[in-house]
Amino acid sequence: MTVREAINSAMEDEIRRDPKVFLIGEEVAQFDGSYKVSKGLWKKFGSGRIWDTPICEAGFSGIGVGAAMYGLRPIVEFMTWNFAMQAIDQLINSCAKACYMTAGDLNHCPIVFRGLNGPTAGAGAQHSQCFAAWYGSVPGLKVVSPWNCEDARGLLKSCIRDNNPVVFLESELMYSVPFEFDKSIMDPEFTLPIGKAKIERPGKDVTIVSYSKMVGVSLEAAKLLADQHKIDAEVINLRTIRPMDRKSIVDSVKKTNHIVSVEDGWPQSGIGSEISALMMEEAFDYLDSPHERITGADVPMPYSLPLEKAAIPQPHNVVNGVLKVLPMYLSLIHISEPTRLLSISYAVFCLKKKKKKK
C-alpha cells in the first residue's frame with residue numbers, strides 16, 4: 001500500500017463512520033484530487049460529503065472553520081500548504097484561538113487541514129517550503145507529520161476524531177512510496193495516538209530524530225553508519241510536531257548520550273532548534289557532545305533539480321553529522337583492544353593528575 005492509498009482509506013473509513021465528516025477543497029471531488037489522494041470518494045459518497053470549491057483558500061477554509069464550530073468535522077484539503085498562506089488568518093486567528101477568545105464557551109473546533117508540505121521535485125521556491133515549525137509554534141493547534149502508511153492511516157483517523165484543530169502535513173514525495181504493513185492497520189477502528197513518537201530503529205550509540213520523509217533518510221544513514229563505521233544509531237520518528245513527544249527523545253538521549261536531528265526545513269527557529277532547547281532544559285547532563293542539526297539549506301528552494309537535491313538533507317549529510325558528534329567514539333572503535341585500553345587508562349591518569357594540581 002502506498003502512502004496516498006493509506007490517506008485515502010483513512011478518509012473513506014471516517015466519512016463512512018461519522019455522518020458529520022466531509023471533505024472540502026479544490027478538485028477533491030470529480031477530479032479525484034490534484035494528487036489523486038481523494039480518488040473514488042466522490043463516486044462513493046456524492047457531492048454532499050465531497051465538496052469541490054473555487055480557487056479561494058481563505059474562502060473554503062473559512063467555510064470549514066465555521067462548519068467545525070457548528071459541530072461538523074470537516075477535512076480541508078490544500079493543494080499545497082504553500083497556498084494555505086492565503087488562509088493563515090482562518091487557521092490561527094479564527095480557529096486555533098477560538099477556545100481562548102470565547103473563554104472556553106467554544107471549546108470544540110474539530111477540523112483537519114491537510115495537504116502536501118515541504119520539498120517536492122523541481123517545483124521552485126514558492127511551492128517547496130516546510131511549514132512544520134510555522135504551525136508548530138501556534139498554541140491551540142495540533143501538528144502531525146506522517147512518514148509511512150501506518151503513520152498516515154492511523155494518525156489521520158485520530159486527527160479526524162480529535163476535537164481540536166489539526167494541521168496534517170503530508171509529503172508529495174512519499175505519496176507513491178509503497179510500504180509493507182501489518183493487516184491490523186486496516187481495521188476501521190485502528191488509530192495511532194497524537195503526541196507519541198515511534199522508535200523506528202533501536203540503537204545505543206547515537207539518537208537520530210526526524211519526521212516525515214526525513215525518517216527514511218535517517219534510516220538509510222543508520223544503515224550506512226552500521227555497515228561502514230560500526231555505529232549503532234537509534235532512529236526516532238516524531239510523528240507529531242505539536243505536542244512533541246519530549247519524553248521519548250530525552251529517554252533515548254539518556255541511553256545514547258548523543259543526538260542528531262534531521263529536517264528538510266530551514267535551520268533558524270526550526271524543529272531542530274526546539275529539540276536543542278529540549279536538550280538544554282531536560283537532558284544537558286546526559287550529553288557527551290553538542291546536539292547536531294541537519295537541516296535544509298538556509299535559502300529559497302532552487303528550481304534546478306541538482307541544486308534542489310543539494311539543498312535537502314541526504315543520507316551522507318546525516319552520516320557526517322553523526323561522525324561529528326562521535327569523534328572520541330570513532331577513535332576508540334577503529335584501534336586494537338590493547339591500544340584502546342591504553343588510551344582509556346591514559347585519559348584516566350590525566351584526569352587524576354589534573355585534580356591533584358587543583
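Residue by residue, here is whether (1) surrounded by fewer than 18 Cβ atoms within 10 Å (Cβ to Cβ); (2) over 23 Å from Asn148 (Cβ atoms); (3) at pLDDT 95 or above holds:
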site	(1), (2), (3)
Ile241	no, no, yes
Gly270	no, no, yes
Ile275	no, no, yes
Ile312	no, no, yes
Tyr329	no, yes, no
His334	yes, yes, no
Thr339	yes, yes, no
Ser343	yes, yes, no
Lys353	yes, yes, no
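For residues that are of a type in the set (Gly, Ala, Ser) and under 19 Å from the mean Cα position of the chain (by Cα), scanning just the stretch 59-118, find the one that is farthest from Arg161 (Cα to Cα).
Result: Gly118.
Would you mind finding the one in Asp52, Asp13, Asp18 that is of a type in the set (D, E, K, R) and over 26 Å from Ser184 (Cβ atoms)?
The unique qualifying residue is Asp52.
If I ask for residues that are out of contact with any strand residue (DSSP E or B) (no Cβ under 7 Å at 6 or more places or on another chain), crowded, with 19+ Cβ neighbours inside 10 Å and in contact (Cβ under 8 Å) with a residue 40 or more places away in the chain, which ones from the stretch 81-98 would you list?
Residues satisfying the conditions are Asn82, Cys95, Ala96, Ala98.
Does the stretch 181-196 contain at least one residue that is under 13 Å from the mean Cα position of the chain (by Cα), at pLDDT 95 or above and over 24 Å from Leu106 (Cβ atoms)?
The answer is yes; a qualifying residue exists.
Can you find a residue in the stretch 173-187 that is within 30 Å of Gln126 (Cα to Cα) and small (Gly, Ala, Ser)?
Within the stretch 173-187 (the criterion being within 30 Å of Gln126 (Cα to Cα) and small (Gly, Ala, Ser)), the answer is yes, since at least one residue qualifies.
Criterion first (at pLDDT below 90 and assigned to a helix (DSSP H, G or I)) does Leu323 satisfy it?
Answer is no for this residue.
When residues of the stretch 165-188 are filtered for being open to solvent by 80 Å² or more (accessible area, probe 1.4 Å) and in a helix (DSSP H, G or I), how many remain?
1
Farther than 14 Å from Arg114 by Cβ, touching a helix residue (DSSP H, G or I) at 6+ places or on another chain (Cβ under 9 Å) and not aliphatic (A, V, I, L, M): is that true of Gly46 in this structure?
Spelling it out, it is not the case that Gly46 is farther than 14 Å from Arg114 by Cβ, touching a helix residue (DSSP H, G or I) at 6+ places or on another chain (Cβ under 9 Å) and not aliphatic (A, V, I, L, M).
Among the residues of the stretch 221-266, which ones are within 12 Å of the chain's Cα centre (by Cα) and either assigned to a strand (DSSP E or B) or free of Cβ contacts under 8 Å to residues at least 12 places away in the same chain (or both)? If you could, list the steps in order and put the result at the bottom.
Looking only at the stretch 221-266, we keep the residues that are within 12 Å of the chain's Cα centre (by Cα), and these are 236-245, 261-265.
Within the stretch 221-266, Ile236, Asn237, Thr240, Ile241, Arg242, Ser261, Val262 meet the criteria.
Of (1) under 27 Å from Arg161 (Cβ atoms); (2) surrounded by fewer than 17 Cβ atoms within 10 Å (Cβ to Cβ); (3) in contact with a Gly (Cβ under 9 Å, 6 or more places away or on another chain); (4) free of Cβ contacts under 8 Å to residues at least 40 places away in the same chain, Thr191 satisfies all except one. Which?
(2)
Of all residues in the stretch 53-66, count the ones that are free of Cβ contacts under 8 Å to residues at least 40 places away in the same chain, in contact with a strand residue (DSSP E or B) (Cβ under 8 Å, 6 or more places away or on another chain) and not β-branched (Val, Ile, Thr).
Within the stretch 53-66, residues that are free of Cβ contacts under 8 Å to residues at least 40 places away in the same chain, in contact with a strand residue (DSSP E or B) (Cβ under 8 Å, 6 or more places away or on another chain) and not β-branched (Val, Ile, Thr) number 2.
Name the single residue that is nearest to Asn93 (Cα to Cα) among those in the stretch 16-59 being open to solvent by less than 40 Å² (accessible area, probe 1.4 Å) and among the polar types (S, T, N, Q).
If we take residues in the stretch 16-59 being open to solvent by less than 40 Å² (accessible area, probe 1.4 Å) and among the polar types (S, T, N, Q), then Thr53 is nearest to Asn93 (Cα to Cα).
Is it the case that the stretch 148-164 has a residue that's within 14 Å of the chain's Cα centre (by Cα) and not in a helix (DSSP H, G or I)?
yes
For the stretch 64-80, name all the residues that are closer than 21 Å to Val28 by Cβ and surrounded by fewer than 17 Cβ atoms within 10 Å (Cβ to Cβ).
Gly66, Tyr70, Leu72 - these are the residues of the stretch 64-80 that are closer than 21 Å to Val28 by Cβ and surrounded by fewer than 17 Cβ atoms within 10 Å (Cβ to Cβ).
The values are calculated or read from the model by the stated rules, or taken from the named source; none is laboratory data. Note that the structure is predicted; figures quoted are calculated from it, not measured. Positions of Cβ are backbone-derived with ideal geometry, glycine not excepted, and every protein chain shown enters the neighbour counts. Note: areas computed on protein heavy atoms with side chains; ligands, DNA, RNA excluded. Shrake-Rupley method; radii C 1.70, N 1.55, O 1.52, S 1.80 Å.
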